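One structure is given here, and the rest of the page talks about it.
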Amino acid sequence: MKRIQRRTLVATLATASLAVLLPATSFAQKPIVLGFSQVGAESEWRTANTESVKASAKDAGIDLKFSDAQQKQENQIKAIRSFIAQKVDVIAFSPVVESGWEMVLREAKAAKIPVVLTDRSVNVKDDSLYVSFLGSDFVEEGRKAGRWLVEKTKGQSGTVNIVELQGTVGSAPAIDRKKGFEEIIKADPKFKIVRSQTGDFTRAKGKEVMEAFLKAEGKNINVLYAHNDDMAIGAIQAIEEAGLKPAKDITIISVDAVKGAFEAMIAGKMNVSVECSPLLGPQLMQIVKDVKAGKPVPKRIVTQEGIFPMETAAQEFPKRKY
Ligand code: GYE
């Protein structure tokens, strides 16, 4: 009994002296507050990205203030202003379009709140307006799609008529995926983009625009290049409803490599999907912690990704995480 009491006393004294030695903050450290403005919930990619951000904030013990902009820039600007007013520690956002951010980013800088770009970048002259940009190389994704098509049609001499479903107008992935793809296919005049229109990265619009393409071009279409899987999946429906066979009558190339694309490939309805990983949460939380701790962070972190033709889909599917 006595021994126990003595031990308890020693332990209590030790804790007490530690408390004197250590600064008070290390006992009640406040969590980092991160304001995150998401684009919306337009695609399977986006919902996987949102889940990744929320789950990794929780794991990292970061207090996340999450705001969904429903694909509207004005909502993102409002969210960022409200994060500034709340004096969050760090702001992160995925800009719906590339331009028009200078003013609000200057407001964040004046308030000394560091900004991290995730997934998509902005078009600003002064790159001190953000500390880091974490995301894919969308031009390279477009090139991968183009190279796959060049390989697939090797030795084929007739014209290859392509229709293109673009992502959200003015968004980095739409601009860059178009650019990278064109850069590759322009080397051979047999490739012709006969129609190109936005489907806003959604299934519904992908289907609607593909219906219009089919009406206008009839059986003239050889290839569909969709800037994301959701639009391709919508377009597949339109193709089937028009009595054509997706991936056979019309070659289907798309980007993201979400589960829905693997299902379509396994069903023999999509030829290839270029990978674009939405699982940016863990890296983002690390950047946020480093920024808060005053450590230097890389200005640009590029996501590593591959490409999945339909022949590999069944084997890869069980390994997919989004
Ligand atoms: O490809 C698309 C999404 O910005 C990379 O946005 C992202 C794109 C993704 O809606 O599905």
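The values are calculated or read from the model by the stated rules, or taken from the named source; none is laboratory data. The structure displayed is predicted, hence computed values, not measured ones. With ideal geometry, Cβ positions are generated from the backbone for all residues, glycine too; neighbour counts draw on all protein chains shown. Protein only, heavy atoms only, side chains kept; ligands, DNA and RNA dropped before computing areas. Shrake-Rupley method; radii C 1.70, N 1.55, O 1.52, S 1.80 Å.
Worth a mention:
- The chain, accessible surface, carbon-and-sulfur percent (1.4 angstrom probe): 54
- The tail of the calculated P(r) for segment 195-322 beyond 23 Å holds 40 percent of all Cα-Cα pairs.
- The share of alpha-carbon pairs in the chain lying farther apart than 39 Å comes to 26%.
- Ligands, DNA and RNA are left out, and with a 1.4 angstrom probe the accessible area of the chain is 49 Å² per residue.
- Solvent-accessible surface of protein heavy atoms, probed at 1.4 angstrom with all chains present, puts TYR130, TYR225 in the order TYR130, TYR225, largest first.
- Taking label positions 7 Å along the Cα-Cβ direction at both ARG320 and LYS192, the computed distance is 3.4 nm, reported to one decimal.
- Between the C-alpha center of segment 261-322 and that of segment 173-228 there is a gap of 23 Å.
- Built amide H within the under 5 Å cut-off of VAL160, gap 5+: PHE191, LYS192
- Neighbourhood net charge (14 Å Cβ-Cβ; Lys/Arg +1, Asp/Glu -1) for PRO278: -4
- Whole-Å semi-axes of the ellipsoid equivalent to segment 138-276 (Cα gyration tensor, √5λ, descending): 19, 18, 15
- Segment 78-107 versus segment 146-170: alpha-carbon centroid distance in Å: 37
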